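Student: Have a look at this one before I ask anything.
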Amino acid sequence: MKKQFKKLFLFLFSLFFVAQGYAAEVVKIGALYPMSGRGGLYGKDSEAAIKIALDEVHKKGLPKGIKLDVIIIDDQSKPDYAVSVAKRYITEDNVKFLFGVVSSSVALAVTEVSKNNKVIFVGTDHAATDLTANKFQPYYFRASNNTFQSMMAGAMYLKELKGWKKIAYIGPDYAYGRDQWMELKYALDKLGVKYEVVGEYWPKLYEPDYTSYITAIINAKPDILVAGFWGGDTVAFIKQAKAYGLFNKMKYFHPDAGGNYEVMAALGKEMPEGLIMSARHHVNWPDTSENKTFVQKFYKATGRYPSYAAEGAYAGILLIAEAIRKVGNADNTEALVKAMEGMKLRLPEDPKGFTSYIDPKTHQIVQVQAIGVTKKNNKFPPAEVMLGDFKVYDANKLWPDFKYIEYLKKAKK
Amino acid sequence: MRKSSSYLPWLSILIAFLLILFLPISEHKVHLATRILIFSLYAVAFNILFGMTGLLSLGSALFYGFGAYVTGMLTKSYGGDYFVYLLILGSISAFILAIPLGLLCLRLTDVYFTMLTFAFGQLVWGVCIKLYNFTGGDDGIQGIPRMALLETTKSYYIFVFIIVFISLIFLWRLASSPFGLVLNGIRQNRNRITFLGMNVYKHQLLAFLISAFFTGLAGGLYSGLDGSIHPNMFFWTQSGSIILMVILGGINNFFGPVVGTIIFILLEDYIGKTTEYWPFFLGTIMLIMVIIFPKGIVGILTRFLKGPQTKKELANGSHS
Amino acid sequence: MDVSFLISQFVGGLSTAMLLFLVASGLSLIFGVGKVFNFAHGSFYLLGSYLAFQFINFFNNFWIGVICAILGAGMFGVVMEFLFLRRIYGRSEEVSFQILLTYSFILIIDDMVKYIWGPEYKTIEKPASLIDQLQLGGVLIPKYSIFILILGFVIVVTFWFILNRTEMGKVIKATAIDRDMLSLLGVNVPLVMTLIFGVATAMGGLAGALAAPLRTVTPGAGIEVIIDSLIVIVLGGLGNFWGALLGAIIIGEVVAFGILWVPQWASLLNFLVMVLVLILKPEGLFPQKKSGRV
């Protein structure tokens, strides 16, 4: 009795109700974001961006009058709880897409559910390269950068920078921090850059006090300090390092999440100038009307400027909407997957002359990467310092890198 | 000797099991029920130490995670057909790991015991994240296969039910055995047990080992449920949430932890989907329960069912 | 490795330790002396950070803001003790109810903070007078760290004095030993407990306010500091302020020097220290003197 009679009954029963009400017009999307604790900001920003994206999508209209309905639930950043919610989404709410997720370990657990149930999972925030590389599965798509793209661009920047040799790394002691360093070293080697590692430091995630790390780094005298923090850890590190004058003694380089707007906003006047950083989306770059409109809409809705997470969620909704437009409905998952592969999306973070697209082989969005230097700029308060002097790196040189995927497969079995 | 009412909980568990099996409910609800079963076993095993023996461990997740990782990793490399054997192997390894840890921790009393179990738990959690080439680090391990017979959510549910039911019966018998009475005695007055010529340390150690065995079993069962394991299973918050479930249900009754688990998981599921301010509501509900139900939910239930407690029961801490 | 580097590493470890101690001292008071396990102590730290943020912006003065944060956290603590904690004293399984009750406050306070101040990070600037560094020999020390170091010592001395040299201290210590006996002696025990709780949570608020200029003010920060505080007070032996200070210094210094030799294992060092100390000296470094029946 594989398909139980009662299940069928329930199915028909619910179908009856659905048919009565809003018929096949509503396509549900089940989103998982942290809404409390440290990651809560990214969840709230994604929620606001989803609303903006839905407005735009519905204004333009979807085939057969389809309406998208996004349910958002706090995943508590716990993989086992997230799996339970994902199962409810699929078996009770009948969602057609799983969506979101900030923590990579949650994403890795949820992608299993997506694979086993053949439900498309659009990742918008987590950055572990594995998901679109060695742990690729056909129903997974990612609408934001992975860390490899950031690190490849970072290595190119370092190659152009010249005049340095000694390098040190500090990053949170878990996969995200470790992968960035491995990827940066891989990319530097690939570009033939010579360097000498004078120190690696692994504070725990959410470490409140970096004092001892800072004095040790200063003593190691690197030319460049590479950092792999995110969010509040970046803020704490910069505040404490500034008190020791670390930024006068070496270059600070933070290519994946250092330039996040929430960091600029939290540091205000205290953000030093001359730090080299990037983020997956900048509120002040590119200077296109798309980006300005997006940032302004977000500001109007929430009273604050968006962190990078917002644009990822926005891109994810557009990706789903475009796929539905191309297929004509949301019922055929395989056709939706086909439609998403190679899909072009015009996004706020695309500069003139480039359109983001989904790489058909890895399901990873391919985007340019812009690395900037901190400068005084009070156009986006409460931030008083923003990135400027951007250098832009060609998206196609950053991803896909199949040699790296092979390397990763060996490194992580 | 037992009153017929003492079989009531078993009957309700069986009925609930059958209802879930045959009612037309979604796969998610079955999944939820399986989680409740697994955490019930974990909670009851934990309460052998806490409610009976009076030892508050903040490192129970160590054995839960260890069972999950031994079972999960071996199943992943040897295939789902061996799952049942590996499940037992996982519990036995948790048991073996508990021997040296129990010997060390039980030399300590009160909060020092709690903190040493906590420290060991955190160490193993850290090591699990550090050995990423071996354990997958904090990404965990996904895609653990199940044997063909247990592939559907429902069949796995039945399997988990049988294992948990048998384990609970064993633990129940244990609780009312002479050994269980000694454990109770240790909680109430350890000196008296010493005066009676019994070795407190040895009895505590045995309770620690038994608790570890079944905690490991619960971990192994969870590794098969989602097919994924992650270091969070070792983290102190995992131990912490079990403590909450147990206290919520009532620690002085064998079935208290089971009731606490049911309430906690259902609350988490329901409030979690209703509001993003779930911590506020969960916290408020827990607060109200603490203030109103001094003996946990089960304390209130038994009072309601049995009428006012007899003097003797009150004196004995009403442990059934 | 030259000497001035070792000294600067040592001083770095010391300033880490002093912040750890500041957070832990309130917990040490309430847990060691008042025998109440306040799992939500970190939430008062969090509350202190946010209140400081609010009042510093309101008054435009760092010190007034910090004082408001101390008072605010203390008042909240008093209310929590008076309305809730007080009801569970003397229950047969008091400790487990303390855990459950204070844990529910972690959830409530965290969400309250998110609701009132929003999810985004807040920042507090250091007072202008403490922004730069002092150069002592070859060692560079931020003035703010020196301030924290001095304040930490002032607090430990003050509390040692109050607990051991005053009448009030005797009452407080007696509360820890036998509440019933004390109340027979005519002491208003509930009032003493409320006061201890208020002072302890005010110290949590103080720590939160003073740590804020060095850290990130964000929901969720409360639960993160509670673990380190627990380690510190258990290392030192419960209820012993000097012990807690020593525990904090040990943790600070082990991390400060540990990262030089075993950077990969830095995040595990504090747990390793705790395991070793508890195995070798089961009652912490400064065991509490057993006076009378406990």
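Where a number appears in this text, it was derived from the coordinates with a stated rule and is not lab data. Predicted model only: the values in this text are computed from it and were never measured. Methodologically, a virtual Cβ is constructed for each residue, glycine included, from the backbone with ideal geometry; neighbour enumeration extends over all protein chains shown.
Student: Any idea how far the Cα center of the range A:236-280 sits from the one of the range C:98-134, in Å?
Tutor: The range A:236-280 and the range C:98-134 have Cα centres separated by 22 Å.
Student: Here is a follow-up. What's the exposure ranking of B:Leu225, B:Leu18, B:Leu150, going from fewest to most Cβ atoms within 10 Å? Could you put the intermediate results ahead of the total?
Tutor: Details: B:Leu225 22, B:Leu18 11, B:Leu150 19.
Going from least to most buried by this count: B:Leu18, B:Leu150, B:Leu225.
Student: Peptide B:264-275: average number of partner chain Cβ atoms within 10 Å per residue?
Tutor: Numbers: counts 0, 2, 0, 0, 3, 4, 0, 1, 9, 8, 1, 4.
So the per-residue partner count for this stretch is 3.
Student: Can you give the FRET efficiency to the nearest 0.05 for C:Ile279 and C:Phe153, using r as the Cβ-Cβ distance and R₀ = 51 Å?
Tutor: On the way: r = 30 Å, r/R0 = 0.59.
Step by step, r from the Cβ atoms, then E = 0.95.
Student: I would also like to ask the following. Can you work out the Karplus-derived ³J(HN,Hα) for every residue in the range A:347-359? Use 6.51 cos²θ - 1.76 cosθ + 1.60 with θ = phi - 60°, whole Hz, and x for glycine or proline.
Tutor: Going residue by residue, I get 10, x, 8, 7, x, 4, x, 9, 10, 5, 8, 8, 5 Hz, with x marking Gly and Pro.
Student: Mean projection of the alpha-carbon convex hull of chain B over all orientations, in nm²? Spell out each step's value before the answer.
Tutor: Working: hull surface 69.1 nm².
Convex hull of Cα atoms, orientation-averaged projection: 17.3 nm².
Student: Looking only at other chains, what is the average number of their beta-carbon atoms within 10 angstrom of each beta-carbon in B:227-236? Please list the in-between numbers first.
Tutor: Working: counts 5, 10, 3, 7, 3, 8, 2, 0, 1, 1.
Average neighbour count from other chains, rounded to a whole number: 4.
Student: Projected area of the range B:1-152, taken from the Cα convex hull and averaged over every viewing direction, in nm²?
Tutor: On the way: hull surface 48.7 nm².
Dividing the Cα hull surface by four gives the mean projection, 12.2 nm².
Student: Next up: How far is helix A:5-20 tilted off the main Cα axis of chain A, in degrees rounded to 10, range 0 to 90?
Tutor: The two axes meet at around 90 degrees.
Student: Right, another one. Projecting each Cα onto the charge dipole of chain C (Lys/Arg +1, Asp/Glu -1 at the beta carbon, about the Cα centre), which of C:Gln135, C:Leu182, C:Gly74 comes out farthest on the positive side?
Tutor: Of C:Gln135, C:Leu182, C:Gly74, it is C:Leu182.
Student: With a cut-off of 8 Å between alpha carbons and a minimum separation of six or more residues, what is the relative contact order of chain B in percent? If you can, show how the numbers build up before the last one.
Tutor: Working: 461 pairs, mean separation 93.3, N = 320.
Computed value for chain B: 29 percent relative contact order.
Student: For the range C:1-128, what is the convex hull (Cα atoms) projected area averaged across all directions, in square nanometres? Intermediate values should be presented prior to the final figure.
Tutor: On the way: hull surface 43.7 nm².
Dividing the Cα hull surface by four gives the mean projection, 10.9 nm².
Student: Still on this structure, I have one more. So between A:Asn329 and A:Lys194, what do we pick up on full extension, going 0.36 nm a residue minus the alpha carbon distance? Provide the component values of the computation, followed by the final result.
Tutor: Working: separation 135, 0.36 × 135 = 48.60 nm, distance 5.25 nm.
Extra length available between A:Asn329 and A:Lys194 comes to 43.3 nm.
Student: Enumerate the lysines that A:Lys118 could reach by cross-link, defined here as Cα to Cα under 16 Å, with residues fewer than 8 away along the same chain left out.
Tutor: A:Lys28, A:Lys87, A:Lys96, A:Lys135, A:Lys338
Student: When the dipole is taken about the Cα centre of the protein assembly as shown, and only Lys, Arg (+1) and Asp, Glu (-1) are charged at their Cβ, what size is it in debye, to the nearest 20?
Tutor: Details: 94 positive and 71 negative charges, 319 e Å.
So the dipole magnitude of the protein assembly as shown works out to roughly 1540 debye.
Student: Put a dot 7 Å past each Cα toward the Cβ at B:Met198 and C:Arg86; how far apart are the dots in nm?
Tutor: Computed distance between label sites C:Arg86 and B:Met198 equals 4.1 nm.
Student: Normalise the Debye intensity by I(0) for the range A:55-144, one equal point scatterer per Cα, no solvent, then take log10 at q = 0.26 Å⁻¹ and round to two decimals.
Tutor: Log-scaled intensity ratios, in q order: -1.35.
Student: Let me ask something additional. Where the centre of each part is set by its Cα atoms, how far does the range A:72-121 sit from the range C:38-83, in angstrom?
Tutor: Comparing the Cα centres of the range A:72-121 and the range C:38-83, I get a distance of 38 Å.
Student: In addition: Mind jotting down the distance between the C-alpha centroids of the range B:67-101 and the range C:204-254, whole Å?
Tutor: Answer, in whole Å: 37.
Student: Using each residue's phi in the range A:55-65, evaluate 6.51 cos²θ - 1.76 cosθ + 1.60 at θ = phi - 60° and report the 3J(HN,Hα) Karplus result to the nearest Hz, with x for Gly and Pro.
Tutor: So the Karplus estimates, Gly and Pro as x, are 4, 5, 5, 6, 5, 6, x, 10, x, 6, x Hz.
Student: Near the amide H of C:Gly237, under 5 Å away, which other amide H atoms are found, from residues 5 or more places off or on another chain, if H is placed in the peptide plane?
Tutor: Answer set, sorted by chain and number: C:Leu285, C:Phe286.
Student: Let me know the charge dipole size of chain B about its Cα centre in debye, to the nearest 20, where only the beta-carbon of Lys, Arg (+1) and Asp, Glu (-1) is charged. Each step should come with its number before you reach the end.
Tutor: Details: 20 positive and 11 negative charges, 260 e Å.
The calculation lands at about 1240 debye.
Student: Shifting gears a bit: Hey, if you put +1 on the Cβ of every Lys and Arg and -1 on every Asp and Glu Cβ in the range A:73-134, which of A:Thr111, A:Ala128, A:Tyr81 ends up farthest toward the positive end of that dipole?
Tutor: Checking the options against the dipole of the range A:73-134, the answer is A:Thr111.
Student: Let me ask something else. Under 12 Å from the Cβ of C:Thr194, count the other residues' Cβ atoms, weight Lys and Arg +1, Asp and Glu -1, and hand me the total. Numbers along the way, then the final one.
Tutor: Working: positive: C:Arg86; negative: C:Glu81.
Residues close to C:Thr194 contribute a combined charge of 0.
Student: Please turn the phi angles of the range C:239-249 into ³J(HN,Hα) values with the Karplus equation 6.51 cos²θ - 1.76 cosθ + 1.60 (θ = phi - 60°), one per residue in order, whole Hz, x for glycine and proline.
Tutor: Ordered by residue, 3J(HN,Hα) equals x, 9, 5, 5, x, 4, 4, 4, x, 4, 5 Hz.
Student: Shifting gears a bit: Give, in whole angstrom and from largest to smallest, the semi-axes √(5λ) of the equivalent ellipsoid of the range C:136-214, with λ running over the eigenvalues of the Cα gyration tensor. Walk me through the numbers before you get to the answer.
Tutor: On the way: eigenvalues 253, 43, 9 Å².
The three semi-axes for the range C:136-214 are 36, 15, 7 Å.
Student: Here is a follow-up. State to the nearest 20 debye the size of the charge dipole of the range A:317-376 about its Cα centre, where the only charges are +1 on K and R beta carbons and -1 on D and E beta carbons.
Tutor: Taking the Cα centre of the range A:317-376 as origin, the dipole is about 380 debye.
Student: Taking every pair of distinct Cα atoms and averaging 1/r, then inverting, what Kirkwood hydrodynamic radius in Å comes out for the range B:23-87? Numbers along the way, then the final one.
Tutor: On the way: mean 1/r = 0.0719 Å⁻¹.
The Cα-based Kirkwood calculation yields 13.9 Å.
Student: A further question on this structure: I need the semi-axes of the equivalent ellipsoid of chain C: take the C-alpha gyration tensor, multiply each eigenvalue by 5, square-root it, list largest first in whole angstrom. Spell out each step's value before the answer.
Tutor: Numbers: eigenvalues 188, 119, 65 Å².
Ellipsoid half-lengths, sorted descending, are 31, 24, 18 Å.
Student: Also: Rounded to whole Å and sorted largest first, list the principal axis extents of the Cα atoms in the range A:11-167.
Tutor: Computed over the range A:11-167, the largest-to-smallest principal extents equal 70, 36, 32 Å.
Student: What is the Å³ per residue value for the convex hull set by the Cα atoms of the protein assembly as shown? The partial results should precede the final answer.
Tutor: Working: hull volume 172.3 nm³, N = 1027.
Roughly 168 Å³ of hull volume per residue.
Student: If chain A were replaced by its equivalent ellipsoid, with semi-axes equal to the square roots of 5 times the Cα gyration tensor eigenvalues, what would those be, largest first, whole Å? Don't skip to the end; give the middle numbers.
Tutor: Working: eigenvalues 294, 98, 78 Å².
Over the Cα atoms of chain A, the ellipsoid semi-axes are 38, 22, 20 Å.
Student: Sticking with this one: Please give the helix C:3-27 orientation as an angle from the longest Cα principal axis of chain C, in degrees from 0 to 90, rounded to the nearest 10.
Tutor: Helix C:3-27 and the main axis of chain C meet at about 20 degrees.
Student: A further question follows. If you take the beta carbon distance between C:Asn164 and C:Leu6 as r and set R0 to 30 Å, what does 1/(1 + (r/R0)^6) give as a FRET efficiency, to the nearest 0.05? Intermediate values should be presented prior to the final figure.
Tutor: Details: r = 35 Å, r/R0 = 1.17.
With R0 = 30 Å, the Cβ-Cβ based efficiency is 0.30.
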